[in-house]
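What follows is a short report on a single structure.
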Amino acid sequence: MQSTRQEILTILKEERQATVEDLAERLELTPMTIRHHLNVLQAQALVAASKVRRSKKVGRPRLVYTLTEAADALFPQGYGELARHLVTEVKDSVGQAQTEAIFRRIAERVADEAPPSVEGQSFEERLDQVVDFLQEQGFLSRWEKNNEGYVLINVNCPYRRISQQHGEVCLLDTELIRRLLGVEPRRESSMAAGDGSCRYLVVPPNG
């Protein structure tokens, strides 16, 4: 990202909001230049503008710019490290078996948020539905058909770094797939083990 736009985002992060004039003064640039950069940031859904009436109630309302949630995600986050420490603490406190049970219950909660299967729905239609739901959870998913059944493929794992240190995190995947499809998945590869994707063989209940 261009340095000027990054500076604008940083100022909005620090000040929570700013006008074109505020930014122009802070960065020692013309208002026209600032507007150009703000237009680009708005097009990228990183900045939002809202109208605020002037205190003297004369003239047109001025535009005040703020960061969007998408822009907030560009700044350093500590969620991964926090989650890693939480998993370590849970394992040390309750042991391996209870930790695995906790992850299975988490998968159950996530599965409860998924769209339910529809009566008369084919297995492939349900797979499409499950893939869409997994995409919403941060996976990059697709499925393929093979001689044994179907292979559900995840090429992105939203908690990959944690799973590399805590393998039980992968129970979230297998338990979630089991609950969503109603079949027992067989893991064929895992990103946590260094593979390029997580692949799960799933066979329809009727074979």
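The values are calculated or read from the model by the stated rules, or taken from the named source; none is laboratory data. What you see is a predicted model, and the numbers here were worked out from it, not measured in a lab. Cβ sites come from the backbone with ideal geometry, for glycine too, and all protein chains shown count toward neighbours.
Results, tabulated for the structure shown:
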{"item": "Neighbours by Cβ (under 6 Å, 6+ apart or cross-chain): first from region 145-162, farther than 16 Å from P185 by Cβ; second among the charged types (D, E, K, R)", "result": "I162/R84"}
{"item": "Extreme residue, modelled with the lowest pLDDT, among residues of region 106-136 that are surrounded by 15 or more Cβ atoms within 10 Å (Cβ to Cβ) and not aliphatic (A, V, I, L, M)", "result": "S117"}
{"item": "First in region 166-178 and modelled with pLDDT under 90, second anywhere and small (G, A, S) and outside any helix (DSSP H, G or I), Cβ under 9 Å, 6 or more apart", "result": "G167/S190"}
{"item": "Filtered residue count, region 145-161, keeping only those that are over 12 Å from L201 (Cα atoms) and surrounded by fewer than 19 Cβ atoms within 10 Å (Cβ to Cβ)", "result": "5"}
{"item": "Any helices (runs of 4 or more DSSP H) falling wholly within region 13-99 and containing at least 3 residues that are closer than 23 Å to G138 by Cβ and at pLDDT 95 or above", "result": "none"}
{"item": "Close pairs from region 105-126: first farther than 19 Å from E144 by Cβ, partner among the small types (G, A, S) and in a loop (DSSP other than H, G, I, E, B), Cβ under 9 Å, at least 6 apart", "result": "S117/G182"}
